[in-house]
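Note sheet for the following structure.
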Amino acid sequence: MLEKIGRPETSTLSTPQQSVVEAISYIKSQNPAPVFAEFGIGIGTTTFEVAKILNNSGEIHIFDFHESVQELRYDLHTRGFTNVFPHGNTGKHWDSYHWSISKLLQAGQEERFDLIYIDGAHTYLHDALAFFMADRLLKVNGIMVFDDWNWRYADSQAMKDIRHLFMTDEQINANQVGMFIQELVETHIGYERLLANEVYRKVASTTKPKAAQYRPAFATTA
């Protein structure tokens, strides 16, 4: 996968996301072993840069299709980076990285990550929910970065021949990432803006503590 970096046909994917690079560099200066997650890996450009900065300290968790995360993990491993953990999903219509994230939540991984980068499907449907799920994984004072807030399907070749089957013309022409950032992230009491539409810090926990189990006196023992 990493061999695609720099090719003319992947030029728009060949530059690492600068906000992620700056954020992980800062976090590592404060914490020698950060835990990083990336939802949607493209051709691995940003992941590769993060791997070089961490230099096998901490952990890198990548979420995308099975074949993509396994290929990127292999490419990074052959370059000496062994702290990469792939979380793959199938291409089935109702499967996505949400299911992989849910597995971490089920495993009790709340508030474990220092930096989460969301560069996924670029739809309100997928990435608005990804934000709320990622919030459960992110530490207080952790950073969340969003990519392509002004991106539109209308300006892309992505799914060009079939996207009308999955979304309306209004949705095709909308900046869907920017929409949910403005409506859900900017207004979220648990986050402060560091860079509008792109970088946000979690300032308070939004996870309720687990209450002690309560059993009413009238409950049966069966």
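None of the figures in this text is laboratory data; all of them are computed from the coordinates on show. Everything numeric here is computed off the predicted structure, so don't read it as measured data. Cβ placement follows ideal geometry from the backbone for every residue including glycine, while neighbour counts extend to all protein chains displayed.
Rounded to the nearest 500, what is the chain's calculated 222 nm mean residue ellipticity when only DSSP H runs of at least 4 contribute -39500 (n - 2.57) each, over all residues?
So the calculated ellipticity at 222 nm is -9000 deg cm²/dmol.
Can you sort Tyr117, Tyr153 from fewest to most other Cβ atoms within 10 Å of each residue's own Cβ?
Fewest to most other Cβ atoms nearby, the residues stand as Tyr153, Tyr117.
Given +1 on the Cβ of Lys and Arg, -1 on the Cβ of Asp and Glu, and no further charges, what dipole in debye does region 16-202 carry about its Cα centre, rounded to the nearest 20?
Dipole of region 16-202, to the nearest 20 debye: 460 debye.
Just add up the charged neighbours of Ser25: K/R +1, D/E -1, any other residue whose Cβ is under 11 Å from the Cβ of Ser25.
Every neighbour counted, the sum reads 0.
How would you order 88-97, 68-77 from highest to lowest mean count of nearby Cβ atoms within 10 Å?
In descending order of packing, they fall as 68-77, 88-97.
Could you state the orientation-averaged shadow area of the convex hull built on the Cα atoms of the chain, in nm² to one decimal?
It is 15.8 nm².
Show me the three semi-axes of the equivalent ellipsoid for region 89-209, from the C-alpha gyration tensor (sqrt of 5 times each eigenvalue), largest first, rounded to whole Å.
Equivalent ellipsoid of region 89-209: 26, 18, 10 Å, largest first.
What net charge is computed for the residues neighbouring His87, neighbours being all others with C-beta under 9 Å from the C-beta of His87, Lys and Arg scored +1, Asp and Glu -1?
Around His87, the charge tally is 0.
Classify region 131-189: rounded, prolate or oblate, from the alpha-carbon gyration tensor (a ≥ b ≥ c, eigenvalue square roots; a/c under 1.5 rounded; otherwise prolate if a/b is larger than b/c)?
Prolate is the answer for region 131-189, as a/c is 1.5 or above and a/b outweighs b/c.
Taking other Cβ within 10 Å of each residue's Cβ, how do Val185, Val140 sort, fewest first?
Val140, Val185
Counting pairs on different chains as well as pairs 8 or more places apart, how many Lys pairs in the chain have Cα atoms under 26 Å apart?
Total qualifying Lys-Lys pairs in the chain comes to 18.
Going by C-beta contacts inside 10 Å, put Thr82, Thr47 in order with the fewest on the left.
Taking fewest neighbouring Cβ atoms as first place, the list is Thr82, Thr47.
Can you give the net charge of the other residues whose Cβ lies under 13 Å from the Cβ of Gln157, counting K and R as +1 and D and E as -1?
0
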